[in-house]
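Peer 1: First, the structure itself, so that you have it in front of you.
The values are calculated or read from the model by the stated rules, or taken from the named source; none is laboratory data. This one's a predicted model, so the numbers in the text were calculated from it and none came from an experiment. Virtual Cβ from ideal backbone geometry, glycine too; neighbours counted across all protein chains shown. Heads up: the accessible areas ignore ligands, DNA and RNA and are worked out on the full protein's heavy atoms, side chains in. Shrake-Rupley method; radii C 1.70, N 1.55, O 1.52, S 1.80 Å.
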Amino acid sequence: MTVKTAMWPADDPAAVARAAEVLRRGGLVAFPTETVYGLGADALDAAAVGRIFAAKGRPADNPLIVHVAAPEQARALARSVPPAAEQLMSLWPGPLTLVLPRAEVVPDATTAGQDTVAVRIPGHPAALALLRACGRPLAAPSANRSGRPSPTTAQHVLADLDGVVDVILDGGACAVGLESTVVDATRPVPMVLRVGGLPVEALRTVVGAIDMLSGQDPQAMSRSPGLRHRHYAPRARVVLVAPGEAAAMGGPAVAVMSQQPRPPGFVGRWQVMPSALEGYAQALFAALRELDAPEVETIVVETVPEVGLGRAIADRLRRAAER
Ligand code: TXA
Ligand code: MG
């Protein structure tokens, strides 16, 4: 079944009010957040949430993040709120998702049957306005087709979801550009399940100890179901190399992402990425989509240092390179 997808300006209060009405009737609305665009539906309406999975082609075992406008709304979705979670909530609104013990109001469809629920308050005025106008918690994964790079503009959403999403609120390019950091706050020591837009260094300023999910951990997959699935993959092959190595890898079917200027005589496309990690993160997914042109067979990416936001950038690049 296809719908006529409407594109409305996210800074128009009348458009936000109409989009909230679409959500209250069980529809799908894509909206900007500070991280990436989300594909929203009423998180407490199992049928509406089912539509998200169908629209994205998302595996049913991958739970959704529930977006709320205020901490009380988050607490109402949880059976209990551990002390570390309360401390981490001081970083909201922001690119941080907390996994909490789930309250019974949250349907299985939203949590993929998990006994936990992931929640966050997004730091984007349009997202907050939509949440307030609608008055419901909104389940929202990234608004891309499953496996594609996350959308950081309304045009990316349209390219992936035209005809399946009722409304796209266009708020321009997302400021952070990487998905939220996901922290399991149900454990005695909170654990980062997915590195993201809020660097681990920032988490350490509010909680003393924090664990990182290790890929070697046999239970890793059950804790973070999203890790099982392929991610961020352009159609072209993605190859990671050390900084400085791409210059020698030119060719007519090659595209390069590098923080260095294009070397003289280089054959192929050369995308200069911002030298500051914040700028790099913001530009990353758009660059992956842009370079994934029909004539490009290989996207060569020079890696970035794994500090601060660089950890999340490196994580997304590794996943894009997985086959
Ligand atoms: O920044 C973001 O997080 C964006 C915006 C729209 O908020 N959303 C996003 O959603 O990236 P999505 O569905 O693409 O990624 C959600 C991640 C997945 O890795 C999923 O497995 C994990 O969060 N997750 C959700 N609920 C969970 C739970 N109960 N326990 C563990 N991991 C969970
Ligand atoms: Mg996603």
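Peer 1: Quick one: what do you get for segment 72-120 if you divide its Cα Rg by 2.2 N^0.38 Å? Could the numbers behind the result be given before it?
Peer 2: Working: Rg = 10.4 Å, N = 49, 2.2 N^0.38 = 9.7 Å.
Computed over Cα atoms of segment 72-120, the ratio equals 1.08.
Peer 1: Put a dot 7 Å past each Cα toward the Cβ at V239 and A17; how far apart are the dots in nm?
Peer 2: Distance between the two pseudo-spin positions: 5.7 nm.
Peer 1: With r defined as the distance between the Cβ atoms of R323 and V189 and R0 fixed at 45 Å, what FRET efficiency is calculated, to the nearest 0.05?
Peer 2: Values: r = 34 Å, r/R0 = 0.76.
After rounding, the FRET efficiency stands at 0.85.
Peer 1: With angles folded into 0 to 90 degrees, how steeply does helix 13-24 sit against the dominant principal axis of the chain? Use alpha carbons for both and round to 10.
Peer 2: 70
Peer 1: In Å², and per residue, what accessible area does segment 1-126 have when probed at 1.4 Å with the other protein chains present? Write out the running numbers ahead of the final one.
Peer 2: Values: 4870 Å² over 126 residues.
With all protein chains present, segment 1-126 gives 39 Å² per residue.
Peer 1: Now, a different point. Calculate the all-directions average of the projected area of segment 1-146's alpha-carbon convex hull, and give it in nm².
Peer 2: Numbers: hull surface 31.9 nm².
Averaged projected hull area, Cα only: 8.0 nm².
Peer 1: Tell me the angle of helix 277-291 to the major Cα principal axis of the chain, expressed in degrees between 0 and 90 and rounded to the nearest ten.
Peer 2: Long axis of 277-291 versus the principal axis of the chain: about 70 degrees.
Peer 1: What would the Debye formula give as log10 I(q)/I(0) at q = 0.23 Å⁻¹ for the alpha-carbon point model of segment 264-315, no solvent?
Peer 2: At q = 0.23 Å⁻¹ the computed log10 ratios are -0.94.
Peer 1: While we're looking at this one, here's another question. What angle, in degrees between 0 and 90 and rounded to the nearest 10, separates the Cα long axis of helix 309-321 from the longest principal axis of the Cα atoms of the chain?
Peer 2: Compared with the principal axis, the helix lies near 70 degrees.
Peer 1: Rounded to a whole number, what % of the accessible area of the chain do carbon and sulfur atoms account for, probe 1.4 Å?
Peer 2: Values: 7180 of 12950 Å².
C and S atoms contribute 55 percent here.
Peer 1: Follow-up question, since we're still on this one. Given a 1.4 Å probe, how much area per residue of segment 175-323 is accessible, in Å²? List each step's numbers first, then the result.
Peer 2: Working: 6660 Å² over 149 residues.
With all protein chains present, segment 175-323 gives 45 Å² per residue.
Peer 1: Please list, in order along segment 92-97, the HN-Hα scalar couplings obtained from phi with the Karplus expression 6.51 cos²θ - 1.76 cosθ + 1.60 (θ = phi - 60°), rounded to whole Hz, x for Gly and Pro.
Peer 2: Computed from phi, the couplings for segment 92-97 are 7, x, x, x, 9, 10 Hz.
Peer 1: Once every Cα of the chain carries one equal point scatterer and solvent is ignored, give the base-10 log of I(q)/I(0) from the Debye formula at q = 0.14 Å⁻¹, two decimals.
Peer 2: Debye curve over Cα of the chain, log10 I(q)/I(0) at q = 0.14 Å⁻¹: -1.07.
Peer 1: Per-residue ellipticity at 222 nm for the chain, helices alone: DSSP H runs ≥ 4 residues times -39500 (n - 2.57), over residue total, nearest 500 deg cm²/dmol? Display every interim value, and only then the final one.
Peer 2: On the way: 11 runs with 92 residues, N = 323.
Estimated from H runs of four or more residues: -8000 deg cm²/dmol.
Peer 1: Between segment 192-209 and segment 239-267, how many Å separate their Cα centres?
Peer 2: Cα centroid of segment 192-209 versus Cα centroid of segment 239-267: 33 Å apart.
Peer 1: Here's a follow-up. P(r) for segment 195-323: what percent of alpha-carbon pairs falls in each 10 Å bin, starting at zero?
Peer 2: With a bin width of 10 Å, the distribution comes to 12, 39, 31, 14, 4, 0.
Peer 1: Please build a GNM for the chain, connecting alpha carbons under 10 Å apart, and tell me which residue among G177, G123, G113 fluctuates the most.
Peer 2: Maximum fluctuation in the GNM of the chain, among the listed residues, is at G113.
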